[in-house]
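Reading through the structure tokens given below for one structure.
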Amino acid sequence: MTTTTKNRWLIAVSAMLIHLSIGSVYAYSVYQRPLQATQGWSIGDVTLGFTVAIFTLGASTALLGRYVERYGPRVSGTAAAVAFAGGTVLAGVAVQYGSHVGFVLTYGLVAGVGLGLGYISPISTLVKWFPDRRGLATGLAVMGFGAGALVTGPVANWLIETTSIPTTLYVLGAGYFVAMAAGASYLETPPAGWVPEGIDPDAVVETEGHGVIVASDLEQRTASEALRTPQFYLVWMVVFVNVSAGIMLLSVASNMTQAVTGASAAVAAGVVGLIGVFNGAGRIIWSSLSDYLGRTTTYGVFFVLQIGAFLALPRLTTVPLFAGAIFLIITCYGGGFACLPAYLADLFGTEELGAIHGYALTAWSMAGVAGPTLVARIVERTGGYELAFYVVAGALTVGLACVGLLRWRVSVVREARLHGTPHGLRR
């Protein structure tokens, strides 16, 4: 058996360093009022930087997935550090000179590319190092992304109050580069023939490539081949619906809590603060459970729980019950992100997982527009949130149907593999 000097748990820590840094994008709201006050920009002007960054994240994952596979996690992770940290520092320059266009181009586009590249660079590597615990491994990294705001938020707020916005962006950019470059420097795909200590030999199909292909994988497909399968588009729909539901709540959580329960702004702010905790917790808890429940079953549970929660939300007029339903939904939102890379590996193998993951994350970009737009339009026309809850429950039902179709499709492909038809495992 091939050995390596790398510790796979340190690989996971390295991935977390990268994701904690890029996850700081979720703390973007700390810049909103200071930028309005010092630059005279409108709320729409300020929000545009975040919107462009998130859209660029999704687009760049699709465009750069093959780059990650070609050059490996160390090079792509370092490139992500340069882009994200550099974009943050240049955004500080733009603010210093009062350029809104410069701010959108640097934070939105340059740092946005770093976001996308940094998101996918460590994930496919982690899956290859943890064929026996795919869900746990990817959950650890993606939990870092969800928790990034918890670290950056207080630090950025303190820096803004004690220095200035440009200085804050300079300091944070330097910190991001150090953390991300350090994480990228340890990343490496496992050597040919390597098998994790203690893994069941019967679970190994082959170890000739990088890492281990396990017997439970449905197929081994390249990114181009994956895009020609029904499974990929069913997964895309599942991710789109799940993210749309969660991001809809994230976009209006404070106002919605106040409107439905009559809570004060301070209480609603407390609920919003706890959302970050449940977002991060859902990523590690659900992804770890998926190693035992199976990924298809786990996504089915997400949709069943969320359908019930959304249908109940209009009637939950006390803060504890209403907040509890929101927290449950948000754990499914975070868990969906964490389970996705492992699920794609289960379905298509690890040969070009980075590229396949990048294509799948375009669903995030689309959902980032669809969810907030849907709730905004409904509230504008009806003056309340109740219809939005029911519409999202209907969409989640479609998502649950997609999970059912996925389960059926997996059984068809697995049966074909057993009989040696072209659907079988490609060696």
Residue tally, condition small (Gly, Ala, Ser) and open to solvent by 10 Å² or more (accessible area, probe 1.4 Å), over the range 95-111: 3
Unmet criterion (only one of (1) over 16 Å from the mean Cα position of the chain (by Cα); (2) farther than 22 Å from residue 83 by Cα) for residue 135: (1)
Going by the structure shown, is residue 70 surrounded by 15 or more Cβ atoms within 10 Å (Cβ to Cβ) and assigned to a helix (DSSP H, G or I)? no
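Given the options 352, 386, name the one that is touching a residue at least 40 places away in the same chain (Cβ under 8 Å) and in contact with a Ser or Thr (Cβ under 6 Å, 6 or more places away or on another chain).
Values: 386 fails: in contact with a Ser or Thr (Cβ under 6 Å, 6 or more places away or on another chain).
Just a single option satisfies the conditions, and that option is 352.
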Would you mention how many residues in the range 296-344 are in contact (Cβ under 8 Å) with a residue 40 or more places away in the chain, over 25 Å from residue 268 (Cβ atoms) and open to solvent by 40 Å² or more (accessible area, probe 1.4 Å)? 1
Condition set open to solvent by less than 30 Å² (accessible area, probe 1.4 Å) and more than 8 Å from residue 139 (Cα to Cα), scope the range 271-290, selection modelled with the lowest pLDDT: answer is 276
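Looking at residue 398, is it open to solvent by 60 Å² or more (accessible area, probe 1.4 Å), more than 30 Å from residue 121 (Cα to Cα) and either in a helix (DSSP H, G or I) or not hydroxyl-bearing (Ser, Thr, Tyr) (or both)? Step through it out loud before you land on a result.
Values: open to solvent by 60 Å² or more (accessible area, probe 1.4 Å): yes; more than 30 Å from residue 121 (Cα to Cα): yes; either in a helix (DSSP H, G or I) or not hydroxyl-bearing (Ser, Thr, Tyr) (or both): yes.
Against the criterion (open to solvent by 60 Å² or more (accessible area, probe 1.4 Å), more than 30 Å from residue 121 (Cα to Cα) and either in a helix (DSSP H, G or I) or not hydroxyl-bearing (Ser, Thr, Tyr) (or both)), residue 398 qualifies.
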Report yes if residue 122 is buried (at least 17 other Cβ atoms within 10 Å of the Cβ) and in a loop (DSSP other than H, G, I, E, B), otherwise no. no
For the range 130-152, indicate whether the set of residues that are closer than 23 Å to residue 47 by Cβ and open to solvent by 30 Å² or more (accessible area, probe 1.4 Å) is non-empty. yes
Could you identify the single residue in 377, 381, 414, 407 that is open to solvent by 60 Å² or more (accessible area, probe 1.4 Å) and in contact with a helix residue (DSSP H, G or I) (Cβ under 8 Å, 6 or more places away or on another chain)? 407
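Give the range 76-101 a look and list any residue that's of a type in the set (Val, Ile, Thr) and touching a residue at least 60 places away in the same chain (Cβ under 8 Å), or say none. If you could, list the steps in order and put the result at the bottom.
Let us first name the residues in the range 76-101 that are of a type in the set (Val, Ile, Thr), namely 78, 82, 88-89, 93, 95, 101.
Within the range 76-101, 78, 82, 88, 89, 93, 95 meet the criteria.
Give the residue that is surrounded by the fewest Cβ atoms within 10 Å (Cβ to Cβ), with candidates limited to residues of the range 79-92 that are under 17 Å from residue 28 (Cα atoms) and of a type outside the set (S, T, N, Q). So that I can check it myself, show each step before the final result.
Here is the first cut: in the range 79-92, the ones under 17 Å from residue 28 (Cα atoms) are 84-92.
The next check asks that each one be of a type outside the set (S, T, N, Q); those that pass are 84-87, 89-92.
On the way: 84: 30, 85: 26, 86: 18, 87: 26, 89: 22, 90: 20, 91: 29, 92: 23.
Going through the qualifying residues, I end up with 86.
Could you please find all residues in the range 256-269 being at pLDDT 80 or above and in contact with a helix residue (DSSP H, G or I) (Cβ under 9 Å, 6 or more places away or on another chain)?
First pass over the range 256-269, keeping only residues at pLDDT 80 or above: 256-264, 266-268.
Those that are at pLDDT 80 or above and in contact with a helix residue (DSSP H, G or I) (Cβ under 9 Å, 6 or more places away or on another chain): 256, 257, 258, 259, 260, 261, 262, 263, 264, 267, 268.
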Which numbered condition trips up residue 293, out of (1) open to solvent by less than 40 Å² (accessible area, probe 1.4 Å); (2) free of Cβ contacts under 8 Å to residues at least 12 places away in the same chain; (3) closer than 30 Å to residue 358 by Cα; (4) not basic (Lys, Arg)? (1)
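Quickly run through the range 327-385 and pick out the residues that are under 23 Å from residue 251 (Cα atoms) and among the aromatic types (Phe, Trp, Tyr). Don't jump to the end; show me each part of the working.
Filtering the range 327-385 for residues under 23 Å from residue 251 (Cα atoms) gives 327-340, 360-385.
327, 333, 337, 364, 385 - these are the residues of the range 327-385 that are under 23 Å from residue 251 (Cα atoms) and among the aromatic types (Phe, Trp, Tyr).
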With the condition kept exactly as written, say whether any residue in the range 242-260 is surrounded by fewer than 21 Cβ atoms within 10 Å (Cβ to Cβ), without any contact (Cβ under 8 Å) to a residue 24 or more places away in the chain and touching a strand residue (DSSP E or B) at 6+ places or on another chain (Cβ under 6 Å). no
Any chance the range 346-355 includes a residue that's part of a helix (DSSP H, G or I), farther than 27 Å from residue 65 by Cα and more than 18 Å from the chain's Cα centre (by Cα)? no
Which of the residues belonging to the range 102-128 are in contact (Cβ under 8 Å) with a residue 60 or more places away in the chain and within 14 Å of residue 354 (Cα to Cα)? 116, 118, 119, 120, 121, 122, 123, 124, 125, 126, 127, 128
Collect the residues in the range 21-34 that are crowded, with 18+ Cβ neighbours inside 10 Å and either acidic (Asp, Glu) or at pLDDT below 90 (or both), keeping them in residue-number order. 23, 24, 25, 26, 27, 28, 30, 31, 34
Residue 59 fails exactly one of (1) touching a Ser or Thr at 6+ places or on another chain (Cβ under 7 Å); (2) modelled with pLDDT of 85 or more; (3) under 18 Å from residue 19 (Cβ atoms), namely (3)
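The values are calculated or read from the model by the stated rules, or taken from the named source; none is laboratory data. Because the structure is a prediction, the values reported are computed rather than measured. Here the Cβ is made from the backbone with ideal geometry for all residues, glycine too, and neighbour counts use every protein chain on show. Only protein heavy atoms, including side chains, enter the accessible area calculation; ligands, DNA and RNA are left aside. Shrake-Rupley method; radii C 1.70, N 1.55, O 1.52, S 1.80 Å.
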